[in-house]
Each structure stands twice: as structure tokens, then as C-alpha cells.
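Structure, as C-alpha cells:
The values are calculated or read from the model by the stated rules, or taken from the named source; none is laboratory data. Because the structure is predicted, anything quoted here is derived from the model rather than measured. Positions of Cβ are backbone-derived with ideal geometry, glycine not excepted, and every protein chain shown enters the neighbour counts.
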Amino acid sequence: MYGNFMSGSLQNLRLIIVSGIHLQYFGCLLVIFCVELACGVWTYDQENPVSVQWSDVISLKTRMPDYGLPRYQWLTHAWNFFQREFKCCGVVYFTDWLEMTEMEWPPDSCCVKEFLGCSKQAHHVDLSDLYQEGCGQKMYSFLRGTKQLQVLRFLGISIGVTQILAMILTVTFLWALYYDRKAPRTDQMMTLNKDTSQHLSCHSVELPTPSLTRNFEHRITANSINTKFEMEEILS
């Protein structure tokens, strides 16, 4: 019985420790979720700190004649980078290079498959080998951070949904632990009752049961003694 008591105490202690750990985990998830929710609301309400207007992007066309000049190498590298990374050409359309500069064809960075002289070949053979869309709209979205914010918001929503599911599972597990602790199992109760009955049977004392034959013999002996005394009184 003492062993069962110790095992039950250890089981209760284990349940308390496990419940405490899961409660701390649930609390941490809740705090992180609240912080993420506050940051998400702030990003929606916060105005973009980069004040870029569409007219500023269109004004890039005025700098296109500086492309390829030795003193504007940074501008040349910037144009090539944007056209390769964003798969675009020019500001509004690829013909901006022909309108705003003295170039006979766009830069090679406008080619879908870039190699030396690819733009000249595409200009004379197949214009579909050039990026048709301009870089203005993509530059505008990049500078304002619209695309980056959308990606961050999507990631934040995905992480938030995962955290909500984790909190629901944690609460469900704690609920199951609570009811498992509140309602002991039937087999444990049966084992406890069996051990208790065995313990009582080991310490019980057998009481002598009266025998009918022995009582009858005692009565006959008493009657014979009384009769003997009566006969002695009569004879005397």
C-alpha cells in the first residue's frame, strides 16, 4: 500500500511539472503572438518613410543619355543591375533607350538570355528576346518597399496561424491532463481496493466459534451433578 501511495504521489508530481512547463510554453507563445500582432498593425498604419513619387521615377528617363559614359559608371552599373534583377528594360518600355539616347538598340542587360551583342541580334531578328516591360513600375514598388512589406506580412500571418494552432494544442493537452488527474482510472481503484482487503485480512484475528456438542456436554454434566446432590439430601 505504501508503494502505491508513493507511485501515486510521484505521478501527481510529474503531472504538475508537465502542466507547469506547458503553461509557460503557452504564455510565451501568447506574448510573442501579441507582439507580432502589434507590429503587423503598426506596419499597416505606418506611412512609408521613403517619399518616392511616380514623377521621380519618370525623371530617370532624363538620365538615360548618361548611360555608358566613363564618369557615370555607377549609373551604368545601376541600370544593368535593375534590368537583370527585375527582368525589365527602359523606364516605361524598352524603346525608351532608342528615344532618349543615341543608341541604336538597348543594352545587353535587356536580353532574356544575355551574351555579348544579344541586344543587337534581338533588335534585328526577334524583339521577343528582349524584356518588353519597363523598369519604372518595378523600381517604384522596390523603393517604396511594397513588395518587401507584402512578403513580411505574409510570413507574419503564416507564423501567427502556426502559433495559434500550437496554443490550441497546448490548451487541449492541459485540459486532458486536468481530467486525467481529476478522474482516477478504474484499474487503479480496483488495485487499491484489492491491496486494502489483503492488508486487512493479514491483520485480522480469528474468534473461536461456539460448538453445539460442547454446550450439550456441559449441560448434561451440570444436570448430573444437581441430581447427585438431591439424592444425597434425601438419603440423609
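Filtered by the rule that a residue be surrounded by fewer than 20 Cβ atoms within 10 Å (Cβ to Cβ), part of a helix (DSSP H, G or I) and touching a residue at least 40 places away in the same chain (Cβ under 8 Å), the range 76-114 gives a lone residue, Phe82. So, of the residues in the range 55-76 that are modelled with pLDDT under 85 and small (Gly, Ala, Ser), which turns out to be farthest from Asp96 (Cα to Cα)? Step by step, filter the range 55-76, then rank; the result is Ser55. Among the conditions (1) in contact with a Gly (Cβ under 8 Å, 6 or more places away or on another chain); (2) at pLDDT below 85, the only one that Cys89 does not satisfy is (2). Summed over the range 115-136, residues that are surrounded by 15 or more Cβ atoms within 10 Å (Cβ to Cβ) and closer than 22 Å to Asp66 by Cβ total 7. Being more than 20 Å from Lys87 (Cα to Cα) and surrounded by 13 or more Cβ atoms within 10 Å (Cβ to Cβ) is the filter; apply it to the range 137-158 and report the residue that is modelled with the highest pLDDT. Restricting to residues being more than 20 Å from Lys87 (Cα to Cα) and surrounded by 13 or more Cβ atoms within 10 Å (Cβ to Cβ), the top hit is Gly156.
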